[in-house]
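Single-structure report; data block below.
The values are calculated or read from the model by the stated rules, or taken from the named source; none is laboratory data. Because the structure is predicted, anything quoted here is derived from the model rather than measured. No Cβ is skipped: glycine too gets one built from the backbone with ideal geometry, and neighbour counts run over all protein chains shown. Remember, those area values only see protein heavy atoms, side chains included, never the ligands or the DNA or RNA. Shrake-Rupley method; radii C 1.70, N 1.55, O 1.52, S 1.80 Å.
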There are 2 protein chains.
Amino acid sequence: MKRPAVDVCFTPQEIRPVEVAVVVDVLRASSTIVQALAVGYPRVVCCESVATARELRAPGRVLAGETACVRVPDFELGNSPAAMASAGRRGEELVLATTNGSPAVVAASRSAKRVLIGSLLNLSAVLAALPTDAGVAIVCSGTNGRPALEDAYLAGRLVAALGGVPSDAARVAERVASGYRTPLEALAASEDAAQLRATGQERDIAWCAREAVVEVVPEVRFSEDGASVVSPARELHRGLPMKAAEEFA
Amino acid sequence: MKRPAVDVCFTPQEIRPVEVAVVVDVLRASSTIVQALAVGYPRVVCCESVATARELRAPGRVLAGETACVRVPDFELGNSPAAMASAGRRGEELVLATTNGSPAVVAASRSAKRVLIGSLLNLSAVLAALPTDAGVAIVCSGTNGRPALEDAYLAGRLVAALGGVPSDAARVAERVASGYRTPLEALAASEDAAQLRATGQERDIAWCAREAVVEVVPEVRFSEDGASVVSPARELHRGLPMKAAEEFA
């Protein structure tokens, strides 16, 4: 069956109704969400603001996030996937508030029937999880309402691998992906990478540029009051005994 | 002197305050505006809507424009640069209302100190007219609020030629430009080209893909009531006797 339309939104403002959205924020929120599930958090609560995350503070919940690329002072963790891997699971749920990525997840949940979360880290797993018979939009989180190079790069990688009928924006992204020899080359050239270097967090650039090293695909389960609850997509648990699969749902 | 920031807006919604904006709508409004000045219209009045153009109807004014890619029934001309070249000048002013390009000119005029209009037809002339000491944003008109491939291509050509400090969006556009061997290849792959073929206007695709064949640079002189008045930029008249230059002002 021929895959339907494949579209790319360079910023969350461009989102329109679609069957499946893949939200990407390569530097760094979508990489952090993927890494959080990989270290064992069963759920990540993506918040549209730091204030929303603070309201959700409770025992068993670990607050993480940044403003202006730096950890929110009263939060336990920042938005670093490398630090997330080092810290490991520290509670029942991660509550994440970032400038661009976590609000993009909440925004996409308002327009798409299903919302998956993609990064270079889980590139192959996301591609395997996408249905072949549904329209797909790659939603780039961007930076402060503007396109981000690293998100356009990943969007182009997804478009190139998906096939289907690309929109003009999808063709634009595809040319970005084919215009860099490696993921690291694209990420390192971005404005967000410059900001990470300026704040002493350059380790995350190479960390987020690693391709297909994690099998988990985060999916939004439900959204309310400016927050979206994310857990691993069911697709990955095909073949598991039903009971084990249910535990992930 | 090093040129300051060079940015690209993939849709007019992304425009932010900037010193110089270059509005592009390769298929077809910016090509039509360039062609209109080239055949001798001293001014083109770019309208934000068909209704605005109708209100400006008056002797000496030629109404042109489209909705859904097709000529507005009560307008004398459509939005075809090829047809504009054949028809020649038919009045004192061309009043143009299109779906994306002419509203983008009006929108850019609200955010930029100077607004020039670019197309492949006048590519070299636009580059020569841009000041080297001012921030520049290439404003793509896009299609119904979404990015258009042909506009991203031209934006990338301009970014590559300008030098300066590119934003992430400018880097994205640059990769689009370097991803196609010829302008025609990029234009022909676009959704707008498909729409032109579907409405029997494919002649405009190759017409608009011709590079640097016209020397005129349209510039917005003033805007009011949802319309922007465009005439040739002064830069082109350097070296002319003062009186001749004044006639263009």
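Peptide A:172-181 is shielded by partner chain Cβ atoms: per residue, an average of 6 of them sit within 10 Å of its Cβ.
Between the amide H of residue A:212 and those of A:121, A:122, A:123, A:124, distances stay under 5 Å, these residues lying 5 or more places away or on another chain, with hydrogens modeled in the peptide plane.
Got a sec? Which residues in segment B:70-112 would a label at residue B:54 touch, if it sits 7 Å along Cα→Cβ and we count backbone N under 14 Å? So the set is B:72-76, B:97. Starting from the Cα gyration tensor of segment A:31-115, take the square roots of the eigenvalues, sort them a ≥ b ≥ c, and report rounded, prolate or oblate (rounded when a/c is under 1.5, otherwise prolate if a/b is larger than b/c, else oblate). Rounded is the answer for segment A:31-115, as its axis ratio a/c remains below 1.5.
Taking label positions 7 Å along the Cα-Cβ direction at both residue B:74 and residue A:210, the computed distance is 6.7 nm, reported to one decimal. Computed on protein heavy atoms with a 1.4 Å probe, the accessible areas place A:75, B:222 in the order B:222, A:75, largest first. In nanometres and ascending order, the distances from the residue B:212 label point to those of the other copies are 4.3 (point 7 Å from Cα along Cα→Cβ). According to the square roots a ≥ b ≥ c of the eigenvalues of the Cα gyration tensor, what is the shape class of the protein assembly as shown, taking rounded for a/c under 1.5, prolate for a/b larger than b/c otherwise, and oblate for the remainder? Prolate.
Note on residue A:203 and residue B:85: the model spin-label points, each 7 Å out from Cα along the C-beta direction, lie 6.0 nm apart.
Think of it as helices only: each DSSP H run of n ≥ 4 in the protein assembly as shown is worth -39500 (n - 2.57), and spread over all residues that comes to -10500 deg cm²/dmol at 222 nm.
For the protein assembly as shown, with all protein chains present and a 1.4 Å probe, just round the carbon and sulfur fraction of the accessible area to a whole percent. It is 52 percent, rounded to a whole number.
Per-residue mean of foreign Cβ neighbours for A:149-158 is 2 (Cβ atoms of other chains, 10 Å radius). Per residue, segment B:1-122 exposes an accessible area of 35 Å² to a 1.4 Å probe, with every protein chain left in place. Solvent exposure of segment A:141-181 amounts to 29 Å² per residue of accessible area, where only protein heavy atoms count and the probe is 1.4 Å. Peptide B:161-168 has a mean shielding of 3, counted as Cβ atoms of other protein chains within 10 Å of each residue's Cβ. Comment: the Cα-to-Cβ extended label point of residue A:40, at 7 Å, lies 8.2 nm from its counterparts in the other copies, nearest first. Using a 7 Å projection from Cα along Cα-to-Cβ, the label point at residue B:60 is separated from the same position in the remaining copies by 7.8 nm, smallest value first. Using a 1.4 angstrom probe on protein heavy atoms only, the contact between A and B buries about 2200 square angstrom of accessible area, both sides summed. Taking a ≥ b ≥ c as the square roots of the eigenvalues of the alpha carbon gyration tensor, segment B:71-117 is prolate, as a/c is not under 1.5 and a/b beats b/c. Any idea what the relative contact order of segment A:72-143 is, in percent, if you count C-alpha pairs under 8 Å spaced at least 6 apart? Reported as a whole number, the value is 31 percent. Largest to smallest in accessible area, the residues A:67, B:143 fall in the order A:67, B:143 (1.4 Å probe, all protein chains included).
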